[in-house]
Amino acid sequence: MEDGRISLSPPSTSSSAANSNFLQNYPLISALLAFAIAQSTKFFVTWYKEKRWDAKQLIGSGGMPSSHSATVTALAVAIGIKDGFGSSTFAVAAIFAIVVMYDAFGVRLHAGRQAEVLNQIVIELPAEHPLSDTRPLRELLGHTPAQVVAGAILGFVIAIVGCLINKVTS
């Protein structure tokens, strides 16, 4: 703000300063780390339970814990810690997290259950039916409430641990 005017252009920074700021963006790093840990957990849980490696678990949706919940919770908590739990930024992040988590165990869970029913119907169709060779729909889309809660707890822990690490390294 110069001469009473508000400037909408970002401050000029060198690329090395911008990279440094990115690496110091505690909420962003917390969210990305929570996502990576949640997805990796699914990968190893599948290996442990089914004795097979399934690389789709690293990027797929559904399963325990919810990476969506982990990501948005880590983001919201980290923003709350950094900017204050009374800040507008935290309010936006918290509402965003609530909507994402509600969608994960609401709409997406029911869409997955509908896909299960539709896939079963297609399997039972006679071979001459035009839809009998339809590719199956993805069934693992949403999360149970327990998977959402587990993801939220993971995200909360990641944000708190990230805060502690951030304070030690600063």
**OP:** Return a yes/no flag: does region 46-55 have any residue that is modelled with pLDDT of 70 or more, within 26 Å of A94 (Cβ to Cβ) and polar (S, T, N, Q).
**Re:** no
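Which of the residues spanning region 72-94 are of a type outside the set (F, W, Y) and outside any helix (DSSP H, G or I)?
We begin by selecting, within region 72-94, every residue of a type outside the set (F, W, Y); these are 72-84, 86-89, 91-94.
Matches in region 72-94: G84, G86, S87.
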Original post:
In region 84-142, which residue that is of a type in the set (F, W, Y) and out of contact with any helix residue (DSSP H, G or I) (no Cβ under 7 Å at 6 or more places or on another chain) is modelled with the highest pLDDT?
Top reply: F85
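Quick check: anything in region 154-161 β-branched (V, I, T), outside any helix (DSSP H, G or I) and at pLDDT 80 or above?
So in region 154-161, the residues β-branched (V, I, T) come out as 157-158, 160-161.
Now narrow it down to the ones that are outside any helix (DSSP H, G or I): none.
The answer is no; no qualifying residue exists.
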Original post:
Any residue at all in region 95-116 that is surrounded by 17 or more Cβ atoms within 10 Å (Cβ to Cβ), without any contact (Cβ under 8 Å) to a residue 24 or more places away in the chain and assigned to a helix (DSSP H, G or I)?
Top reply: no
Subject >> Of the criteria (1) modelled with pLDDT under 75; (2) at positive phi, which one L58 fails >> reply: (2)
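With the requirement that a residue be surrounded by fewer than 22 Cβ atoms within 10 Å (Cβ to Cβ) and over 14 Å from A36 (Cα atoms), what does region 64-89 give you? Spell out the reasoning first.
As a first pass, look at region 64-89 and keep what is surrounded by fewer than 22 Cβ atoms within 10 Å (Cβ to Cβ): 64, 80-89.
Of everything in region 64-89, those that are surrounded by fewer than 22 Cβ atoms within 10 Å (Cβ to Cβ) and over 14 Å from A36 (Cα atoms) turn out to be G80, I81, K82, D83, G84, F85, G86, S87, S88, T89.
Which of the residues belonging to region 77-97 are aliphatic (A, V, I, L, M) and under 12 Å from the mean Cα position of the chain (by Cα)?
Listed by number, the list holds a single entry, A97.
The values are calculated or read from the model by the stated rules, or taken from the named source; none is laboratory data. These numbers were taken from a predicted model, which means no experiment stands behind them. Neighbour counts are summed over all protein chains in view; Cβ atoms, including those assigned to glycine, are modelled from backbone coordinates with ideal geometry.
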